[in-house]
Amino acid sequence: MKIKIESSRIIKPFYEHTPPSTTSHIPLSVFDKVTYEAQIAIIYAYHPPTPPNTAIELGLRKALAVYREWGGRLGEDEHGNRVILLNDEGVRFVEASASSTLDQAMPFKPSPSLLSLHPSLKDVKELVQVQLTRFTCGSLVVGFTAHHTVADGHSTSNFLVAWGQACRGHRVNPLPLHDRTIFTPRNSSHIEYQHKGVEYMSKSKKEHSLNEVHHISEDVVVHKVHFTVQFLANLKAKASSMNGNNKPYSTFESLLAHLWRVITKARGLSGFESTQIRISVNGRTRLNPKVPNEYFGNLVLWAFPTTKVKELLRESLPHATKLIHDAIAKVNNNYFRSFIDFANTKAKEEDLVPTADMNKHILCPNIEVDSWLRFPFYDLDFGTGCPYMFMPSYFPTEGMMFLIPSFVGNGSIDVFVPLFEDKLPLFKKICYSLDLLED
């Protein structure tokens, strides 16, 4: 797949109805400061006909006028606090062409070739980058990158939907909520949970972990697994079989428990090692009072179900699913409030740094999951219909999984699983088995 860059330039917000506000910057919230400081890339594919690049560009400029943060830059205020500068310096807009039809390049498999479909993620000052790649058949691939410090997946997907609305000549609706100062500590600080070693760690410990020697990333392959609706239904029934009269576990919890066990088995770990999963938990519905879905920024903490390898593999699927369910349930309003108090007091006093780290390329014996199952990524309609395919770019971080709704559109799920190459044969052998681990 040969890609030729036709143009690369900066485009700026277009204020169609109202001039920009006079606000010069937006301070980062405690949730922005504790998340991953990295660019994340996603890829869309559209069958022809598709709108011209000029129409997609104009829609993007209109959407940036509503979501001004994306057109700004990360910086500091006069007191040295990290902020988003609302300076309208703009986003990167790249136009490219491919020397083949999209069918010849499909199906897109997780490989380094995907990196040519979006701008580079290294040393980027722009907070959003877009690449439009035209194929000889008239198909369009849109590569989109965004800085995670500015917004989480929920907010980013809302922006993408707004971009589509602007391209179709509609006003952005609903409008985003921009106020990041709503997460203030309580008058009487009440830190009732452990946050050091969870969301935060000491600088010296982080420096030590970055200096550890690991396998080179070339040993890691990203494998895409498709789980049908029927398999997921069987898995959910099995995972919930010992749950008594309680509500069945969710499809997400059931599938994640299954993958945790299968990956752990494939890795061949010692039974006495501990293994855990890092699971994102959206605070919009957890906080009381609830934060509107339109809130733009990061509002995520993490659940960390943990157990010994021996116990995970010896016990049943329902046991692993319960570990996950209970860990997620604990990240409730009280936990979020405790974190806000800690982040505004102890974390500052002790000069702690976030544990979230995109520079760590090997997660074994642990796992991290990014679930995009509930985000409306497939709703990005530029005016000629929704994408027929959506996927993350190539992220060969061993153990970092992505769960996305399959483009089949029937409720099936695609999972992108990065593993060491020598562990993949066993993973493939057992990933569709409900009973192998109990044998």
Accessible-area composition of the range 368-439, carbon plus sulfur, in percent [1.4 Å probe]: 52 percent
Ellipticity estimate at 222 nm from DSSP helix runs (n ≥ 4, -39,500 (n - 2.57)) divided over the chain, nearest 500: -8000 deg cm²/dmol
13 Å beta-carbon shell around Ile11, net charge (K/R +1, D/E -1): 0
By average C-beta atoms within 10 angstrom, highest first, the peptides 398-408, 193-203, 109-119, 156-166: 156-166, 398-408, 109-119, 193-203
Inter-centroid distance (Cα atoms) of the range 390-420 relative to the range 1-46, Å: 23 Å
DSSP bridge orientation in the range 270-423 - percent antiparallel, rounded to nearest 5: 60 percent
Rounded to whole Å, sorted largest first: equivalent-ellipsoid semi-axes of the range 63-129, Cα gyration tensor: 34, 14, 9
Accessible surface, the chain, averaged per residue in Å² (probe 1.4 Å): 45 Å²
Local electrostatic count at Thr345 - Lys and Arg +1, Asp and Glu -1, tallied over other residues with Cβ under 15 Å: 0
Across Lys238/Lys360; Lys62/Lys203; Lys4/Lys205; Lys122/Lys423; Lys109/Lys360, pairs whose alpha-carbon gap is larger than 32 Å: Lys238/Lys360; Lys62/Lys203; Lys4/Lys205
Neighbourhood charge, 12 Å Cβ-Cβ cut-off, centred on Gln39 and excluding it, Lys, Arg +1 and Asp, Glu -1: 0
Rounded to the nearest 10 Å², the accessible area of Arg186 at probe 1.4 Å: 80 Å²
Carbon/sulfur fraction of accessible area - the range 1-114, other protein chains in place, 1.4 Å, %: 53 percent
Percent of beta bridges antiparallel (DSSP, the chain, rounded to nearest 5): 75 percent
Most positive-pole-ward Cα, Thr251, Thr285, Ser240, against dipole of the range 226-324 from beta carbon charges: Ser240
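The values are calculated or read from the model by the stated rules, or taken from the named source; none is laboratory data. Please read these numbers as outputs of a predicted model, since none were measured by experiment. In this analysis, Cβ positions are derived from the backbone assuming ideal geometry, glycine residues included, and neighbour counts consider all displayed protein chains. Just the protein is used for accessible areas: all its heavy atoms, side chains included, with ligands, DNA and RNA removed. Shrake-Rupley method; radii C 1.70, N 1.55, O 1.52, S 1.80 Å.
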